[in-house]
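This report concerns only the one structure given below.
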Amino acid sequence: MSQSYQFRPVEMRNEAWRLLWREKWLSRLIFIIVAFNFIRYVAVNAATSLLASANLATERLMEAKSNAELFEALHDPALLRDFGLVTALALFVAAVIDAMASYGLARVQLAAVRGDGADGWRRTGFSGLRDPFGMFALAFLRGLFVWWPFVFIAAPALCADAGAAMSGGIPLLGLAALVPCAAISAVSFYRYRQVWFLKAAHCDWSALKCLRESARMMAGAKRRCFWLDCAFWRPVTLMILTAFATCLAALLGLSPVALMLVLLLTVQSLCLQAHISLAQALFHLELQKAGDRGDEDRGHQG
């Protein structure tokens, strides 16, 4: 892939801002995000309510008045089984809906940066509903490829630390494993950053093909993608300050102020999510153009 193009994160951030406001894509993206969050909320509650034991498990945990009662309840095999089934079902339903949302948002974002127009954006945004388990398979494999160090290295090490602490030993193994696992996962996160855009552009591709193509596209481009994320440090800092102020207001008992800050934080989160994702769609388009130019250069040389 040719890397001769000029990467300008600030210009991409500004172009994404223009598309959000002047082309009115912000309201469309926020509508899809909020709609899928509502669908997830309804679906998770409906799915967990199908298990008759869900209310019993939750009620027993909520009735615990002390840590001793909580630990005693958690030692009940029936409660653990019921609570585990409810948690697994809720996580699965939420993961399926989040995967469909990621696909739909990627399609809408590509339409925005390509200038395809706004016709049919709702149909495009909810197109993942036609293949929910295909979307889940891609999300599951991407999550496994990114977070495998924590699943297979850090988690067992932390469990070993917990056992060592209970037996009077010194827990060091888990803490030592966290830093290299985080570094590996961070690199993998950027390696597979283009997965949803590739799936949105090539709906017939398999999950493994999207992962392989994303790794190929991001070879030599992960650092530039990271700097594009860093270009949003101002709104991220503002969100952190808003979250800190929310916690402070809640601790001081200023409930109306805390509620207003929660609403402000929600709006900030939605706008920032739409802004960053649209900038990443522009980055994907630049990578695609660079790859096409590289293919043409190799064709001329051949």
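A short reminder: the numbers here are calculations on the coordinates, not readings from a lab. These numbers come from a predicted model, not from an experiment. Don't worry about glycine lacking a Cβ; one is built from the backbone with ideal geometry, like all the others, and counts go over all protein chains shown.
Starting from the Cα of ILE30, step 7 Å along the direction of its Cβ; do the same at ALA155; then give the gap between the two resulting points in nm.
Rounded to a tenth, the inter-label distance reads 3.7 nm.
Work through the residues other than ALA207 whose Cβ is under 13 Å from its Cβ and net out their charges, Lys, Arg +1 and Asp, Glu -1.
Residues near ALA207 contribute +1 overall.
Treat the count of other C-beta atoms within 10 Å as a stand-in for reagent exposure and order SER102, SER27 from fewest to most. Mind showing how you got there, number by number?
Numbers: SER102 21, SER27 10.
Listed from fewest to most nearby Cβ atoms, that is SER27, SER102.
Normalise the Debye intensity by I(0) for segment 123-282, one equal point scatterer per Cα, no solvent, then take log10 at q = 0.08, 0.13 Å⁻¹ and round to two decimals.
-0.38, -0.91
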